[in-house]
1. Does any residue of segment 70-80 turn out to be of a type in the set (S, T, N, Q), closer than 20 Å to Asp154 by Cα and out of contact with any His (no Cβ under 9 Å at 6 or more places or on another chain)?
2. Based on what the data block shows, is Lys140 in a strand (DSSP E or B), at pLDDT 95 or above, under 15 Å from Gly37 (Cα atoms) and of a type outside the set (Asp, Glu)?
3. Which one of Arg124, Arg163 is basic (Lys, Arg), within 18 Å of Asp36 (Cα to Cα) and modelled with pLDDT under 95?
4. Collect the residues in segment 57-75 that are in a strand (DSSP E or B), open to solvent by less than 40 Å² (accessible area, probe 1.4 Å) and more than 12 Å from Phe162 (Cα to Cα), keeping them in residue-number order.
5. Just need a number here: residues in segment 148-163 that are open to solvent by less than 10 Å² (accessible area, probe 1.4 Å) and farther than 13 Å from Val88 by Cα.
6. Could you say which residue among Ala42, Ala24, Ala16 is surrounded by fewer than 19 Cβ atoms within 10 Å (Cβ to Cβ), within 27 Å of Gly95 (Cβ to Cβ) and modelled with pLDDT under 95?
7. Just the residues that are open to solvent by 30 Å² or more (accessible area, probe 1.4 Å), more than 17 Å from Ser142 (Cβ to Cβ) and either charged (D, E, K, R) or not in a strand (DSSP E or B) (or both), please, taken from segment 76-108.
8. Of all residues in segment 109-127, count the ones that are in a strand (DSSP E or B) and either over 20 Å from Thr89 (Cβ atoms) or open to solvent by less than 30 Å² (accessible area, probe 1.4 Å) (or both).
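The values are calculated or read from the model by the stated rules, or taken from the named source; none is laboratory data. Keep in mind the model is a prediction, meaning the values are calculated, not measured. For neighbour counting, all protein chains shown are included, and Cβ atoms are generated from backbone atoms with ideal geometry for every residue, glycine included. Surface areas here come from the heavy atoms of the whole protein model, side chains and all, with no ligands, DNA or RNA. Shrake-Rupley method; radii C 1.70, N 1.55, O 1.52, S 1.80 Å.
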Amino acid sequence: MRLTPRISCVTALVVAVVAGASTAASALGPQASQVDGSITAAGSTCTWAGATASAAPPASLTIDRTTVNSGVSCGGGASATLNNNPTVTFDDAAGRATSDLIDITVKQSIISCSYRATNVGWTRDGSTRGYKNQAFTASKSSGSFLCPGSITADPGSASLTFR
């Protein structure tokens with residue numbers, strides 16, 4: 001069914017949710033506390049810019065879901081809502097970050113699907129504050145029987161840029 005690939009694509013985005021990429025790169029060290037994001041899957045993309053973070057990397061921080069949700073835009077007629085405020089911790093020496101929990105709902109037409117992913121890993125892009133996701137799987141937490149039971153995000157299909 002054509003609906004399932006679109007839902008899986010958009011779900012991967014927001015699950016990666018924290019999802020996001022910006023073309024701007026910032027140097028390592030404390031910066032302003034904003035995050036841009038995007039995810040691309042099956043030819044569709046969801047993005048947002050300027051979401052609020054509770055601190056600047058490399059300090060552990062929480063991304064405010066209301067500021068993600070107010071600016072998220074998805075292609076293909078879908079919508080996505082982040083249901084939690086993900087916490088991101090950083091390991092600068094290893095060039096990695098981890099999101100504790102990403103809980104999202106994706107709606108395509110009249111079908112809504114919710115997914116949760118825990119311990120999503122991110123790999124830093126060189127000496128910037130840009131990160132790309134490591135592969136992860138998000139499990140369905142609620143929604144229509146038409147929703148896939150889980151979705152898988154390929155490495156690099158989502159990104160976060162802190163600025």
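1. no
2. Taking the combined requirement at face value, the residue does not satisfy it.
3. Arg163
4. Selection gives Cys74 alone.
5. So the answer is 3.
6. Ala24
7. Gly76, Gly77, Asn85, Asp91, Asp92, Ala93, Ala94, Arg96, Asp100 - these are the residues of segment 76-108 that are open to solvent by 30 Å² or more (accessible area, probe 1.4 Å), more than 17 Å from Ser142 (Cβ to Cβ) and either charged (D, E, K, R) or not in a strand (DSSP E or B) (or both).
8. Adding up the residues that qualify gives 9.
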